[in-house]
Amino acid sequence: MSYSNGLVLKEVSSYPITGDIQQALGGIDEGDDGKLCTHANINKFAKYKPNNIQQDEEPTDAQLLTIRYALAARATNNRASLATMALDWVYSGAQAPYFRKLDFHRYYNGAPIPFMQANGQNLIVDLIAGNANPALFYMLMNDGAMANKPFVDGAGIGTSGTAVPANRLQYCIAVEDLGFDLGSSTFLSIMGAVLGLVIFQGTTYKGEVWASQPVAHLSQRENNMYNVPTGSLSLAPGTYTAVACAKLTDGNFTYYLPVYNHADYPTRFTFVVGGMDYYKQDVRGISLSSSGSWSNDLSFNGNTYSDLYVMVRLYNQTGRSVTLGSVMDGRFILSTTISTVNPVVDAQGSHTFSRTQVSQLVSPTVDPTIADGSYVEMVFKVTNIWSANAGSSPSLIESGKLQISPSLQFYSGGAATDFGLYGLTRILTATHAN
């Protein structure tokens with residue numbers, strides 16, 4: 001054998017010796033064939049390495065392709081199993097008595113992991129800002145505009161440099177060599193699959209999100225192939241587990257292939273949906289118009305006039321400037337409790353009640369940008385406050401006094417969450433003295 005820059009090649013005319021193999025395995029002190037061919041230092045992402053083909057002769061390239069270079073990435077057609085399934089990729093190494101030194105011919109010890117996530121231990125989605133961070137993936141590719149690009153933490157596939165020297169790429173398992181290995185003879189290529197996340201809370205499925213561009217060889221760089229927006233997820237604030245994987249539909253089945261489970265970039269990682277703690281609310285007052293002056297006490301004089309407006313300041317304490325996303329689509333709501341302090345007297349008699357109603361945003365009508373430490377003023381319309389039922393207009397009102405207790409909330413994933421207070425709670429009242 002000969003050894004140079006991580007690569008082992010067999011000599012043309014001589015029987016292989018073990019010294020170069022030892023160097024390729026990290027300078028180990030071992031001469032036994034069996035121990036060399038099963039050593040823990042063998043890089044399973046090397047395309048050519050000891051394998052479990054049962055014969056004395058060195059396997060051919062066709063044989064190695066048939067066994068997918070002795071590396072099986074675990075896959076499943078049961079989405080629910082992603083929360084608990086084993087994630088280790090299976091390397092089918094040499095088995096007695098077939099310990100062939102020639103299996104190390106073309107062994108490259110610098111082969112990188114070909115498929116992993118690039119977010120790290122967690123991914124935080126700031127729902128309030130509406131600019132959720134994307135899920136990022138890395139793929140070592142053989143061909144196309146992104147061939148042989150390096151892994152970049154927090155970015156995915158690098159834009160410059162190489163993952164390995166150009167003359168070493170052919171000795172590495174690339175993403176094109178991987179597939180949806182479901183056991184027996186079922187194997188589907190990853191080409192044409194889409195990358196994304198499947199989200200669980202415990203073992204309960206909560207949602208999923210996928211790239212808009214499938215895995216393919218492209219003539220120009222396409223970031224949407226490995227950069228997956230997460231803002232479309234509709235999840236209540238909380239802590240979830242995301243499973244980074246590829247998805248492929250074939251016939252009547254959909255298959256999932258989890259990425260390699262690296263210690264620093266695990267397949268299952270913490271997915272935090274929130275941002276609530278970085279924003280605070282301050283109710284500034286109530287008014288008879290959306291652009292009027294705001295006060296803690298409001299007097300009504302008309303017999304049937306029954307609506308008011310509430311103005312709330314939302315403070316940004318994130319440490320950065322943020323732009324709120326989609327403010328007019330119902331993400332920000334006002335939950336107002338209306339309680340009688342003095343009974344409401346109208347043409348139908350005297351009434352006491354306590355109820356809560358939800359109001360939609362009146363302004364702003366475009367997504368605002370809030371500097372760090374500053375605020376945006378939000379106005380909501382609260383209707384029919386003098387009625388025991390928010391959906392009905394009141395009868396002729398004679399007198400009454402109400403306590404108005406509004407709270408700004410963020411609505412996501414079927415649940416509303418209150419913002420914390422900036423300052424003290426205001427006691428707001430509306431008085432009718434006709």
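Tabulated data
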| item | result |
| --- | --- |
| From the options G251, G274, G231, residue that is of a type outside the set (S, T, Y) and under 28 Å from N142 (Cα atoms) | G251 |
| Residue in region 156-169 that is assigned to a helix (DSSP H, G or I), closer than 30 Å to L36 by Cα and in contact (Cβ under 8 Å) with a residue 60 or more places away in the chain present | yes |
| Candidate set from region 389-409 (those that are surrounded by 16 or more Cβ atoms within 10 Å (Cβ to Cβ) and at pLDDT below 90); member that is nearest to V358 (Cα to Cα) | A390 |
| Among the candidates T429, T369, residue that is exposed (fewer than 15 other Cβ atoms within 10 Å of the Cβ) and not assigned by TED's automatic domain parsing to the domain that holds Q201 | T369 |
| Residue that is farthest from R79 (Cα to Cα) [pool: residues in region 233-246 that are under 10 Å from the mean Cα position of the chain (by Cα) and among the hydroxyl-bearing types (S, T, Y)] | Y240 |
| Check on N148, crowded, with 17+ Cβ neighbours inside 10 Å, at positive phi and among the polar types (S, T, N, Q) | yes |
| Wholly enclosed helices (runs of 4 or more DSSP H) of region 2-105 bearing at least 1 residues within 40 Å of the chain's Cα centre (by Cα) and of a type in the set (D, E, K, R) | 61-66 |
| Filter result (touching an Asp or Glu at 6+ places or on another chain (Cβ under 8 Å) and either of a type in the set (G, A, S) or more than 21 Å from F187 (Cβ to Cβ) (or both)) within region 31-68 | L36, C37, H39, P50, E58 |
| Region 277-306, residues that are in contact with a Ser or Thr (Cβ under 6 Å, 6 or more places away or on another chain), modelled with pLDDT under 90 and crowded, with 17+ Cβ neighbours inside 10 Å | Y278 |
| Qualifying residue in region 123-142 (condition: aromatic (F, W, Y), within 28 Å of G274 (Cα to Cα), in contact with a Leu (Cβ under 6 Å, 6 or more places away or on another chain) and not assigned by TED's automatic domain parsing to the domain that holds I21) | yes |
| First in region 350-368 and over 18 Å from V379 (Cα atoms), second anywhere and surrounded by 15 or more Cβ atoms within 10 Å (Cβ to Cβ) and at pLDDT 95 or above, Cβ under 8 Å, 6 or more apart | H351/T340; T352/T340; F353/I338; F353/T340; S354/I338; S354/T340; R355/I338 |
| Selected residue (only one of R100, R79 is out of contact with any Asp or Glu (no Cβ under 7 Å at 6 or more places or on another chain) and on the phi < 0 side of the Ramachandran plot) | R79 |
| Subset tally (residues that are closer than 24 Å to M141 by Cα and surrounded by 12 or more Cβ atoms within 10 Å (Cβ to Cβ)) for region 45-65 | 10 |
| Of the criteria (1) more than 30 Å from D250 (Cβ to Cβ); (2) modelled with pLDDT under 95, which one G183 fails | (1) |
| Output for region 264-306, where each listed residue is part of a strand (DSSP E or B) and over 30 Å from R320 (Cβ atoms) | I286, S287, S295, D297, L298, S299, F300 |
| Region 125-152, residues that are charged (D, E, K, R) and out of contact with any helix residue (DSSP H, G or I) (no Cβ under 9 Å at 6 or more places or on another chain) | K149 |
| Any hit, region 328-340, residues being in the same structural domain as S407 (by TED's automatic domain parsing), surrounded by fewer than 20 Cβ atoms within 10 Å (Cβ to Cβ), more than 22 Å from W294 (Cβ to Cβ) and not charged (D, E, K, R) | yes |
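The values are calculated or read from the model by the stated rules, or taken from the named source; none is laboratory data. In this text, all values refer to a predicted model and were calculated from it rather than measured experimentally. When we count neighbours, we look across all protein chains shown, and the Cβ atoms used for this are built from the backbone with ideal geometry, even at glycine.
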